[in-house]
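The values are calculated or read from the model by the stated rules, or taken from the named source; none is laboratory data. No experiment lies behind these values; they were computed from the predicted model shown. Accessible surface areas use protein heavy atoms only, side chains included; no ligands, DNA or RNA. Shrake-Rupley method; radii C 1.70, N 1.55, O 1.52, S 1.80 Å.
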Amino acid sequence: MVAVAELWETLTHAIHSYTGLSPAAFFTAIAVAAAIYHLVASFLAPPPPPPRNRDFVPEESEPLPPPVQLGEISEEELKAYDGSDPKKPLLMAIKGQIYDVTQSRMFYGPGGPYALFAGRDASRALAKMSFEPQDLTSDISGLGPFELDALQDWEYKFMSKYVKVGSIKKEVEPEKAADVSSSATESAPESHADVAETATKTEVEPKETDLGEKGEDVKEHKEHVPADATKEE
């Protein structure tokens with residue numbers, strides 16, 4: 001008991017020396033601080049997880065359908081596979097080659113970070129890592145070596161990860177088609193005229209040759225006629 005009394009006396013003296021409070025006030029302040037801490041912690045603590053339903057069975061995600069080979073289609077037809085129709089595969093083209101990217105719908109589907117590239121050949125945009133509307137095209141003319149290397153990396157990635165299902169049909173520009181048809185039309189009359197001229201020459205030349213041969217025959221005949229016969233006439 002004497003030891004406990006001496007310990008309490010020493011503790012009381014230390015509390016008063018360091019805090020200036022009486023032992024009762026000191027312990028009261030500690031209790032209030034602990035109560036405040038537990039109250040604040042109860043507000044900040046995350047809610048407990050809901051009880052698990054043992055009868056709940058998670059739905060299994062449906063497997064993706066196998067890629068369908070489309071063959072050669074136009075860029076206009078490719079727009080139908082931009083992910084807006086969930087029943088159709090999600091397609092994207094690089095350098096004229098079409099790939100099925102349905103397995104990465106979270107990236108290339110509606111709302112994804114690369115949704116602008118779906119349903120089109122956006123080779124130029126991929127090479128420049130651009131989301132500008134004017135770059136969403138298959139035209140890669142004028143690109144620098146670094147941009148072409150970046151596009152090549154994209155192509156290697158798609159070739160190794162996705163299935164190729166077709167290619168873009170190359171369409172002839174209307175201006176070029178008109179130039180080809182006009183040049184063919186202009187060259188046709190010239191060729192017909194050349195053929196007609198050649199045929200005319202062929203027909204005329206033999207006649208001249210025949211006349212020449214006939215003249216020589218008449219001349220030779222006159223040379224062989226006797227002089228007396230000429231006088232009698």
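Considering only residues that are of a type in the set (Gly, Ala, Ser) and within 16 Å of Ser123 (Cα to Cα), look in the stretch 66-100 and name the one that is farthest from the chain's Cα centre (by Cα).
So the first thing to find is which residues in the stretch 66-100 are of a type in the set (Gly, Ala, Ser), and the list is 71, 74, 80, 83-84, 93, 96.
Then keep just the ones that are within 16 Å of Ser123 (Cα to Cα); that gives 74, 93, 96.
On the way: Ser74: 13, Ala93: 4, Gly96: 8 Å.
Applying the filter and picking the extreme gives Ser74.
Working only within the stretch 104-153, note down all residues that are closer than 25 Å to Leu64 by Cα, open to solvent by 40 Å² or more (accessible area, probe 1.4 Å) and either at pLDDT 95 or above or not in a loop (DSSP other than H, G, I, E, B) (or both).
Our first condition is that a residue be closer than 25 Å to Leu64 by Cα; within the stretch 104-153, this holds for 104-122.
Next cut, open to solvent by 40 Å² or more (accessible area, probe 1.4 Å) only: 105-107, 110-111, 113-114, 116, 120.
Arg105, Met106, Phe107, Leu116, listed by residue number.
Considering only residues that are over 13 Å from the mean Cα position of the chain (by Cα) and open to solvent by less than 60 Å² (accessible area, probe 1.4 Å), look in the stretch 166-180 and name the one that is modelled with the lowest pLDDT.
The initial filter retains those residues of the stretch 166-180 that are over 13 Å from the mean Cα position of the chain (by Cα), namely 169-180.
Still in the list and also open to solvent by less than 60 Å² (accessible area, probe 1.4 Å): 177-178.
Values: Ala177: 52, Ala178: 57.
Looking at residues that are over 13 Å from the mean Cα position of the chain (by Cα) and open to solvent by less than 60 Å² (accessible area, probe 1.4 Å), I get Ala177.
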